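Asks: Before I ask anything, here is the structure I am working with.
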Amino acid sequence: QGPLEELARAGALPAGETWRVLDLGAGLGTTTLGLAELAQRAGVKKLEVTAVEQDAASLDVFATLAREAHAVGLVPEVKLEARREDLEDLDLARLPKADLVVLGLALNELYRDREDADRLDAREATLRALLGRLRPGGSLVVVEPATRELSRELQTLRDRLVERVFAPCLRDGPCPLLTRERDWCHAQLPFDLPEGLAERAESAGLRRQRLTYAYLTLRTDGRRLWDVFDGSPRAHRVVGGPVRSKGKTEWDLCSAEGLVRIRRLDRERSDASAVLDTAERGTLLTLDRDVEDGRDLRIRPDVGVDGS
Ligand SMILES: C[S@@+](CC[C@H](N)C(=O)[O-])C[C@H]1O[C@@H](n2cnc3c(N)ncnc32)[C@H](O)[C@@H]1O
């Protein structure tokens with residue numbers, strides 16, 4: 001839902017009470033059902049979904065979950081066209097056009113048997129073909145697991161498709177997180193597991209309150225999340241941290257200028273930077289001053305940081 005909330009923030013969700021959705025590698029329908037919940041809140045009455053998936057049993061579960069979620073009022077009515085097909089063999093140009101085309105944790109499962117360069121080209125071609133399936137004002141949302149390898153691959157695809165990028169970037173230059181091998185761009189969402197499960201996750205040493213993912217939202221109409229900030233170089237996204245140590249906290253930020261590190265001493269916390277108390281990977285921030293690429297900025301009490 002994070003990427004869709006950014007579309008909502010920019011007023012770039014599909015218009016109308018019926019949304020057409022194309023869900024590729026749909027599995028049990030988790031991606032569509034996640035967006036359906038947001039659609040419900042946005043007043044959408046019906047989703048017309050074409051789901052392409054190679055596993056027939058998953059598609060059956062998808063249909064059941066969609067029916068049951070609608071029956072208890074969680075999601076709008078879902079009119080599901082389930083297509084059991086292999087995406088690698090499919091002529092994507094023949095798929096129906098949609099307002100939202102979603103690839104949830106599925107892009108990395110395509111063309112796995114190919115060599116690196118060839119695989120990347122094939123995935124890029126897939127995304128370009130899917131951009132051709134967007135209705136006017138539509139978005140293509142790709143969500144991938146937040147591993148270093150897969151996130152960096154998505155960043156590479158982002159650079160190749162830069163003129164189509166709506167989010168996550170607040171810049172149109174090359175991705176600065178590709179420069180050093182150890183960096184990768186991903187976001188996280190607070191996520192509450194049901195009680196019983198939360199305890200088990202904790203005793204197994206799993207982090208329970210964060211859902212991490214890498215994503216790319218693409219459009220063909222030139223709209224960008226960055227426009228919400230009037231393309232300002234002072235708009236930043238948190239791409240690293242918070243790292244807390246000896247009386248201070250640090251975050252890495254990405255913006256039109258490149259990468260900057262900000263540092264706040266605990267004793268210099270002020271209302272002007274209160275938004276940093278909860279800033280984490282993916283958070284959007286606006287600084288009240290310019291900072292150059294590669295520079296550090298100490299967030300003294302007079303430095304204003306806006307989170308809206
Ligand atoms: C990790 S699951 C993600 C499912 C769902 N989108 C989600 O977000 O939970 C990836 C799905 O992609 C499907 N898939 C992988 N390769 C495929 C292909 N070549 N054609 C169709 N489906 C494929 C798998 O069967 C699996 O259901």
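The values are calculated or read from the model by the stated rules, or taken from the named source; none is laboratory data. Predicted model, so just to flag it, every value in this text is computed and none were measured. Here the Cβ positions follow ideal geometry from the backbone for every residue, glycine too, while neighbour counts run over all protein chains shown.
Asks: For the list (1) within 12 Å of the ligand (Cβ to nearest atom); (2) touching a Lys or Arg at 6+ places or on another chain (Cβ under 8 Å); (3) part of a helix (DSSP H, G or I), I need the number of the one condition that L157 fails.
Replies: (1)
Asks: Within the bounds of the range 3-16, is there any residue that is within 11 Å of the ligand (Cβ to nearest atom) and in the same structural domain as G137 (by TED's automatic domain parsing)? Explain how you work it out, then say what you get.
Replies: Going through the range 3-16, the residues within 11 Å of the ligand (Cβ to nearest atom) turn out to be none.
No, every residue in the range 3-16 fails to be within 11 Å of the ligand (Cβ to nearest atom) and in the same structural domain as G137 (by TED's automatic domain parsing).
Asks: For V75, state whether it is in the same structural domain as L170 (by TED's automatic domain parsing), outside any strand (DSSP E or B) and either within 16 Å of the ligand (Cβ to nearest atom) or at positive phi (or both).
Replies: yes
Asks: Does A51 satisfy the criteria of being touching a Lys or Arg at 6+ places or on another chain (Cβ under 8 Å), without any contact (Cβ under 8 Å) to a residue 40 or more places away in the chain and under 23 Å from L130 (Cα atoms)?
Replies: Yes.
Asks: When you scan the range 32-61, how many residues do you find that are of a type outside the set (A, V, I, L, M) and under 22 Å from A93 (Cα atoms)?
Replies: Looking only at that region, the number is 6.
Asks: Of all residues being part of a strand (DSSP E or B) and among the aliphatic types (A, V, I, L, M) in the range 228-246, which is surrounded by the fewest Cβ atoms within 10 Å (Cβ to Cβ)? Just the residue, please.
Replies: Looking at residues that are part of a strand (DSSP E or B) and among the aliphatic types (A, V, I, L, M), I get V243.
Here's the yes/no breakdown for (1) touching a residue at least 40 places away in the same chain (Cβ under 8 Å); (2) buried (at least 22 other Cβ atoms within 10 Å of the Cβ); (3) more than 17 Å from T50 (Cβ to Cβ):
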{"residue": "D113", "(1), (2), (3)": "no, no, yes"}
{"residue": "D118", "(1), (2), (3)": "no, no, yes"}
{"residue": "R135", "(1), (2), (3)": "yes, no, no"}
{"residue": "R160", "(1), (2), (3)": "no, no, yes"}
{"residue": "C169", "(1), (2), (3)": "yes, yes, yes"}
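Asks: Right, something else. Would you pick out the residues in the range 1-31 that are of a type in the set (S, T, Y), over 14 Å from the mean Cα position of the chain (by Cα) and closer than 22 Å to L105 by Cβ?
Replies: T30, the sole residue that qualifies.
Asks: So the check is Cβ under 6 Å with 6+ separation or different chains; which pairs have a first residue in the range 85-107 that's closer than 22 Å to G34 by Cα and a second one that's more than 6 Å from the ligand (Cβ to nearest atom) and assigned to a helix (DSSP H, G or I)?
Replies: V101/L130; L107/R123
Asks: Looking only at residues that are farther than 13 Å from A129 by Cβ and near the ligand (Cβ under 8 Å from one of its atoms) in the range 96-110, which one is surrounded by the most Cβ atoms within 10 Å (Cβ to Cβ)?
Replies: If we take residues in the range 96-110 being farther than 13 Å from A129 by Cβ and near the ligand (Cβ under 8 Å from one of its atoms), then V102 is surrounded by the most Cβ atoms within 10 Å (Cβ to Cβ).
Asks: Also, I was wondering about something else. Is one or more of the residues making up the range 50-66 within 16 Å of the chain's Cα centre (by Cα) and within 15 Å of the ligand (Cβ to nearest atom)?
Replies: No, the range 50-66 contains no residue that is within 16 Å of the chain's Cα centre (by Cα) and within 15 Å of the ligand (Cβ to nearest atom).
Asks: Still on this structure, please answer the following. Going by the conditions given, is D113 among the acidic types (D, E), within 14 Å of the ligand (Cβ to nearest atom), over 15 Å from D23 (Cα atoms) and assigned by TED's automatic domain parsing to the domain that holds R219?
Replies: yes
Asks: Exactly one condition in (1) touching a residue at least 24 places away in the same chain (Cβ under 8 Å); (2) farther than 18 Å from W184 by Cβ; (3) touching a Gly at 6+ places or on another chain (Cβ under 7 Å) is not met by W251; state its number.
Replies: Just one mismatch for W251, condition (2).
Asks: Taking G27 as the residue in question, decide whether it is surrounded by 15 or more Cβ atoms within 10 Å (Cβ to Cβ) and either in a loop (DSSP other than H, G, I, E, B) or at pLDDT below 95 (or both). Step through it out loud before you land on a result.
Replies: Values: surrounded by 15 or more Cβ atoms within 10 Å (Cβ to Cβ): yes; either in a loop (DSSP other than H, G, I, E, B) or at pLDDT below 95 (or both): yes.
Here the answer is yes, as G27 does meet what is asked.
Asks: Given the conditions (1) surrounded by fewer than 17 Cβ atoms within 10 Å (Cβ to Cβ); (2) at pLDDT below 95; (3) closer than 28 Å to E163 by Cβ, which single one is not true for R210?
Replies: (3)
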